[in-house]
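Novice: Attaching a single structure in structure tokens format; questions to follow.
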Amino acid sequence: MRGEVSVVVLTRNAGPGFGLLLERMAAQRGDFVVEVVVVDSGSDDGTVETARRFGALVHEIPPGSFDHGAARNLGVSLSRGEYVAFVVQDALPADGGWLSAMVEDLEGDPSVAGVYGRQLPRPEATPLTRVLARGSLASSERRRVQRAPRGLGALTPAERRLAAAFDDVSSCIRRSVWEEIPFEEGGFGEDLRWGRRVVEAGYALVYEPRSVVYHSHERGFRYDLRRRYTEARLLRELFGVEVSPPAALLSGVADLAHLLRGLWCEAGPLGTLRHAPRAASYAAANGLGTLLAASDGPRLERLIGGGL
């Protein structure tokens, strides 16, 4: 028996579905005991009480002090497992093998620093959300081992992005690597920042499609705009991914064409007509967010509304 494997969940008003997530944690199969650590930042909907009822260790922090990297570091510091998994409060493991699939990758190769799993849209997701999900790096059915033996500097920007890809919506890391390389504090992108640092340090990352969660959202124009702007700036900072203003404008047109083709296959002609306005909204937000990031400047970030 491997002992304990810890799962850290960051919460704030997780809602009525949180109990089902905790049930799935208790149902995980493997030769280990699952320890659940909840770091809560000001819930007032019964989230804390639900977590304690399921036997989780709960640590409460003031809402104003929340930071993605700092909260994850706190969760790991409170946990005991050699391996520490992360899952967001609105993701749901698909089955009892979610955790063991990631643990097996860490057990099988000591050079693996972290593993992240596949994300499928929720059953009730709209056709457009399902089309968008298929474009994610965490949607593939093919397992990937990500390394940069000659360093990230030897790769193109796109190759650097792929080598350092990591998504802590659903993931598991090796505690000993975290002790050497904790998460950075400072807002959006703590998972990608960590992925870049561990790959630069000579470790590997694994995308494991056998580990599956259901996770998707129905967003709007403002959120899409802020997210694309923030992502584009982060990719430029971390990997040198540059997009010129003309290319940013063309990306919105290309996105719309891609989405309409996907909708046609997903929902047919009538479904395409029904969801075309939302597809156009997403494509416009994506193109405009990329354009604003290419133009840069902190004034733009304040105008858009900051990070996520």
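The values are calculated or read from the model by the stated rules, or taken from the named source; none is laboratory data. On a predicted model such as this, the values are computed, not experimentally measured, just so you know. Note that each Cβ is placed from the backbone with ideal geometry, even for glycine, and that neighbours are counted across all protein chains shown.
Novice: Among (1) touching a residue at least 60 places away in the same chain (Cβ under 8 Å); (2) surrounded by 15 or more Cβ atoms within 10 Å (Cβ to Cβ); (3) not hydroxyl-bearing (Ser, Thr, Tyr), which single condition is Phe54 missing?
Specialist: (1)
Novice: Same structure again: Look through segment 104-126, keep the residues that are more than 18 Å from the chain's Cα centre (by Cα) and aliphatic (A, V, I, L, M), and return whichever of them is surrounded by the most Cβ atoms within 10 Å (Cβ to Cβ).
Specialist: Going through the qualifying residues, I end up with Val112.
Novice: While we're here: Just checking: which of the strands (runs of 3 or more DSSP E) contained wholly in segment 6-124 hold 1 or more residues that are of a type in the set (Gly, Ala, Ser)? Working first, answer last.
Specialist: Values: elements: 33-40, 57-60, 83-87, 112-120.
It comes to 83-87, 112-120.
Novice: Further, regarding this structure: Here are the criteria: (1) charged (D, E, K, R); (2) closer than 30 Å to Ala279 by Cβ; (3) part of a loop (DSSP other than H, G, I, E, B). Tell me which single one Glu185 does not satisfy.
Specialist: (2)
Novice: Among the residues of segment 125-139, which ones are assigned to a loop (DSSP other than H, G, I, E, B) and more than 14 Å from Ser170 (Cβ to Cβ)?
Specialist: First, the residues of segment 125-139 that are assigned to a loop (DSSP other than H, G, I, E, B): 125-126, 134-139.
Listed by number, the residues that qualify are Ala125, Thr126, Arg134, Gly135.
Novice: Would you point out the residue of segment 148-174, among those that are out of contact with any Asp or Glu (no Cβ under 7 Å at 6 or more places or on another chain) and charged (D, E, K, R), that is surrounded by the fewest Cβ atoms within 10 Å (Cβ to Cβ)?
Specialist: If we take residues in segment 148-174 being out of contact with any Asp or Glu (no Cβ under 7 Å at 6 or more places or on another chain) and charged (D, E, K, R), then Arg150 is surrounded by the fewest Cβ atoms within 10 Å (Cβ to Cβ).
Novice: On to the next question. Give just the number: which of (1) surrounded by fewer than 19 Cβ atoms within 10 Å (Cβ to Cβ); (2) outside any loop (DSSP other than H, G, I, E, B); (3) under 13 Å from the mean Cα position of the chain (by Cα) does Val145 not satisfy?
Specialist: So Val145 meets the others, but not (3).
Novice: Could I ask something else about it? Among the numbered criteria (1) surrounded by fewer than 23 Cβ atoms within 10 Å (Cβ to Cβ); (2) in a helix (DSSP H, G or I), which single criterion is violated by Trp194?
Specialist: With respect to (1) surrounded by fewer than 23 Cβ atoms within 10 Å (Cβ to Cβ); (2) in a helix (DSSP H, G or I), Trp194 is out only on (1).
Novice: Could you tell me how many of the residues in segment 1-38 are surrounded by 14 or more Cβ atoms within 10 Å (Cβ to Cβ), free of Cβ contacts under 8 Å to residues at least 60 places away in the same chain and of a type in the set (Asp, Glu)?
Specialist: Number satisfying all stated conditions: 1.
Novice: Okay, moving on. If a residue must be modelled with pLDDT under 95, at negative phi and not acidic (Asp, Glu), how many such residues does segment 159-210 contain?
Specialist: Of the residues in that region, 1 qualify.
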